[in-house]
1. Among residues belonging to the range A:24-54 that are of a type outside the set (A, V, I, L, M, F, W, C) and under 13 Å from C:Ser286 (Cβ atoms), point out the one that is farthest from the other protein chains (Cβ to nearest Cβ).
2. Would you mind finding the one in B:Thr37, B:Thr50 that is loosely packed, with under 12 Cβ neighbours inside 10 Å, modelled with pLDDT of 95 or more, out of contact with any strand residue (DSSP E or B) (no Cβ under 8 Å at 6 or more places or on another chain) and of a type in the set (S, T, N, Q)?
3. Specify which of the listed residues (A:Gly18, A:Gly63, A:Gly26, A:Gly46) is in contact (Cβ under 8 Å) with a residue 40 or more places away in the chain and at negative phi.
4. Looking only at the range C:484-507, which residues are of a type outside the set (Ser, Thr, Tyr), assigned to a loop (DSSP other than H, G, I, E, B) and surrounded by fewer than 15 Cβ atoms within 10 Å (Cβ to Cβ)?
5. Select, from C:Val342, C:Val249, C:Val318, the only residue that is touching a residue at least 60 places away in the same chain (Cβ under 8 Å), surrounded by 24 or more Cβ atoms within 10 Å (Cβ to Cβ) and outside any loop (DSSP other than H, G, I, E, B).
6. What residue, among those in the range C:529-560 that are surrounded by 19 or more Cβ atoms within 10 Å (Cβ to Cβ) and assigned to a loop (DSSP other than H, G, I, E, B), is modelled with the highest pLDDT?
7. Tell me which residues, restricted to the range B:20-29, are part of a helix (DSSP H, G or I) and either in contact (Cβ under 8 Å) with a residue 12 or more places away in the chain or facing chain C (nearest Cβ under 9 Å) (or both).
8. How do the pairs read when you match residues in the range A:116-138 that are among the basic types (Lys, Arg) with residues anywhere that are part of a loop (DSSP other than H, G, I, E, B), using Cβ under 9 Å and keeping only pairs 6 or more apart or on different chains?
Amino acid sequence: MSTYLPPAQRIWWNVPMGREEIVWIGIALIWCLIMFFMMPYWHVYGKQNLSNEAYQTTPAKYGPKVQAMIDKYTVRTETDQQIPVVHPPAGSDIYMLARLWQWWPIMELEKGKSYRLHLSSMDWNHGFSLQPININMQVVPGYEMVLNITPDVAGTYGVVCNEYCGIGHSTMLGRIYVKE
Amino acid sequence: MADPGNNPKDEEERIPAMQSLLENPFLLLFIGVAMPTVFYIIWGIMEIVTVPITP
Amino acid sequence: MANFRLCPDSGLFFDRNAESLMKVNAVAAAVSLLVAGLLALGVALTRWPAVHLLPAEQFYMFLTAHGLNALIFWIIFFEIAILYFASSTLLRCRLAAPRWAWLGFALMLIGAITTNVAIFQGNSSVMMTSYVPMQAAPHFYLGLILFAVGALIGCFVFFGTLVVAKNERTYEGSIPLVTFGAMTAAIIAVFTIASGAIILIPTFLWSIGYIGYIDPEMYRVIWWGMGHSSQQINVAAHVSVWYLVAGLVFGARPMSEKVSRFAFLLYIFFLQLASAHHILVDPGISSEWKIFNTSYAMYLAVLASMVHGLTVPGSMEVAQRLKGYNHGLFEWLRKAPWSNPVFSSTFISIIIFGFIGGITGVVMGTEQINLIIHNTIYVPAHFHATVAVGTTLTFMGLTYYLIPVLFRRQMILPGLARWQPYLFGAGMTALILFMMGAGTMGVARRSADMTFAGAALTYEYPGMAFTMMGLAGIGAVLAVIGGGAYLLVTVGSLVFGKKLDPSAGFLQSFGVPLSRGAYTAQPEILPMAAPVEEYGSAGHFEAPGTFALALVLLISFVVYYFINWKYLASVWPLS
């Protein structure tokens with residue numbers, strides 16, 4: 001009856017703790033510290049980290065970079081919409097653009113090679129969600145994010161938009177090919 | 001100063017610092033608003049405004 | 001000279017203003033929950049692939065309204081009622097500034113209605129988060145601002161009541177633990193509402209054309225200062241209610257006032273930093289900021305939650321053992337009143353909040369692990385465990401206690417009420433587990449169609465993901481039925497329940513004050529709890545069963561945490 005009554009002692013701070021509380025706080029604190037240090041540890045020894053390289057940009061600046069890459073490296077087009085498929089050289093900067101409701105263009109990458117993937121949005125927030133491996137990134141208009149990616153499994157990957165972006169959101173689908 | 005007495009007045013003088021912090025709603029309110037404002041909001045805004053402009 | 005109504009069943013004293021305000025806030029909360037639940041049915045039946053009920057336009061409208069009604073309106077109306085209960089009723093104190101409190105309620109009501117109208121007019125399907133530059137109608141933001149201002153007034157009425165109680169010496173010693181927890185919630189609410197004001201007022205001005213540009217990343221960071229912290233209000237509030245229920249049902253006392261209050265202090269210091277959970281894969285924010293904030297400064301708020309996870313059930317165990325349920329580790333739990341919905345709601349809530357909500361929250365709030373979870377349907381799975389089971393089910397349980405005590409009506413359909421927490425809890429748990437499964441297979445949240453019909457390209461989620469979304473849909477339907485049962489019992493009791501007091505009429509059930517003649521009691525000063533020798537200082541384990549449960553929680557936590565690192569290590573290298 002005292003969780004909702006004033007404490008039994010006027011000076012309750014000096015009442016000793018029970019044994020299991022002391023033990024549990026000790027164990028929990030150690031676990032909390034382990035979880036905390038896992039994050040910097042992974043930055044040093046893990047292979048999946050964000051570079052946090054980013055720039056302020058505008059659609060007027062970002063669009064031409066994407067177009068320049070498309071003009072230079074397009075190898076074919078796909079679907080009725082003539083979506084360009086680009087095959088940029090390994091190690092290069094590759095630019096993917098998000099807009100209502102497209103990921104543009106389709107990329108063709110080589111397995112085991114690294115690329116500097118740039119992501120930005122021309123209009124609203126979008127979500128870069130690479131399937132089926134399930135890598136997810138927030139794509140924010142006005143910001144250009146750079147990731148060093150190394151596709152290590154060949155296949156056809158879907159780029160799903162997983163940030164709500166209006167009525168056509170569920171039709172916003174892109175593609176990345178990774179070739180042997 | 002003298003030996004520990006049992007009258008309430010003595011006790012009130014010796015409320016431990018942590019207990020008196022926990023019994024001060026407005027100090028706690030200040031801390032509870034200041035901490036996230038400094039570490040989350042202000043630091044976060046500084047991060048955003050220092051993002052370089054694209055080359 | 002304030003006068004009170006003495007509740008003969010509970011021994012609680014109700015101030016006239018506080019009583020009416022608690023009722024109106026609780027009723028507004030229930031109406032919000034009704035709206036949220038109906039919308040939930042539309043949302044769930046659309047995401048159930050075999051049913052796929054709504055076209056995209058309605059789906060996004062429903063989802064926007066479901067989020068705001070369930071996460072904001074239902075919960076915060078109810079929390080204002082809890083704040084008034086924890087200050088005025090528990091401290092036997094008149095409510096400070098009742099006119100301001102009524103103004104606050106009016107603003108919240110007008111705000112909630114305004115925002116709902118904006119959404120259902122159709123041009124504000126922007127989701128609860130309303131990320132700029134996607135734009136809603138101006139009154140969508142205006143409603144939220146009014147609601148927030150009203151809630152802020154409610155918080156200051158609470159603080160004012162604490163001051164009045166102290167000055168008028170309505171209680172001896174320190175405020176009760178439950179009131180301290182409610183104060184924690186109120187403190188977090190002040191920061192929450194301030195963040196909301198900083199970002200929603202400019203966004204409102206932008207929507208009427210007065211401001212030209214709002215930085216989308218700035219919006220995200222500050223909006224989440226409100227969006228996530230509002231859920232931290234819930235954590236502090238429902239943990240307080242857990243302690244309250246332990247006291248009401250078992251006559252429990254805190255295992256240690258110091259430990260429980262210090263845990264709340266850690267919430268005050270660190271809990272709100274976790275707003276960073278939403279910003280972990282955003283551009284332009286450093287890993288230092290992300291790691292410090294996402295970990296609540298070295299997980300000190302997680303430590304606090306783990307402490308409450310021990311001390312809430314632990315206090316129940318100690319009380320049960322004193323009554324003689326001392327056999328083995330778990331007799332105290334087996335002999336708990338499982339058919340009392342006040343207890344069963346609370347205990348289900350503790351288990352699901354701890355084992356699923358807490359663990360998933362910490363795992364996906366890890367900077368790098370967030371990469372494989374961000375914005376998948378795993379995220380709503382997590383927050384249904386924390387908010388729909390953790391907070392909502394706890395508040396449902398408290399309502400069953402309040403019907404006779406506050407509303408002075410006998411509960412109708414007690415058989416249904418007995419089953420309701422299990423029905424709602426089981427449905428929600430199924431929904432949560434299957435959405436978690438689908439999320440790990442990549443299924444996106446907030447999407448009207450997981451088949452991508454109409455897209456130029458194609459992608460197919462694994463067949464198992466479709467199965468899981470179907471099963472999640474079944475869970476959701478069960479949960480909606482459970483929610484409906486709650487509303488049927490509670491609202492039905494207010495209307496048809498036997499009156500325990502001659503003046504508890506129809507209008508009084510919905511907030512009209514009882515006649516002044518009902519408020520003649522003059523409470524004595526609220527005494528300190530009677531001291532008990534065995535508590536606190538004992539050198540042996542008082543609650544071994546709870547300690548064993550806590551170790552099970554810890555082991556699950558460690559295993560699940562490292563499974564996710566292992567899974568992360570298998571995806572494309574990124575740097």
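The values are calculated or read from the model by the stated rules, or taken from the named source; none is laboratory data. Predicted, not measured: the structure shown is a model, and the values here were computed from it. No Cβ is skipped: glycine too gets one built from the backbone with ideal geometry, and neighbour counts run over all protein chains shown.
1. The residue in question is A:Glu53.
2. Among B:Thr37, B:Thr50, only B:Thr50 is loosely packed, with under 12 Cβ neighbours inside 10 Å, modelled with pLDDT of 95 or more, out of contact with any strand residue (DSSP E or B) (no Cβ under 8 Å at 6 or more places or on another chain) and of a type in the set (S, T, N, Q).
3. Working: A:Gly18 fails: in contact (Cβ under 8 Å) with a residue 40 or more places away in the chain; A:Gly26 fails: in contact (Cβ under 8 Å) with a residue 40 or more places away in the chain; A:Gly46 fails: in contact (Cβ under 8 Å) with a residue 40 or more places away in the chain.
The unique qualifying residue is A:Gly63.
4. C:Lys498, C:Pro502, C:Gly505
5. Numbers: C:Val342 fails: surrounded by 24 or more Cβ atoms within 10 Å (Cβ to Cβ); C:Val249 fails: surrounded by 24 or more Cβ atoms within 10 Å (Cβ to Cβ).
Selected residue: C:Val318, the only one of C:Val342, C:Val249, C:Val318 that is touching a residue at least 60 places away in the same chain (Cβ under 8 Å), surrounded by 24 or more Cβ atoms within 10 Å (Cβ to Cβ) and outside any loop (DSSP other than H, G, I, E, B).
6. The qualifying residue modelled with the highest pLDDT is C:Ala543.
7. The answer is B:Leu21, B:Leu22, B:Pro25, B:Phe26, B:Leu28, B:Leu29.
8. Once the first residue is among the basic types (Lys, Arg) and sits in the range A:116-138, its partners that are part of a loop (DSSP other than H, G, I, E, B) give A:Arg116/A:Ser51; A:Arg116/A:Gly91; A:Arg116/A:Ser92.
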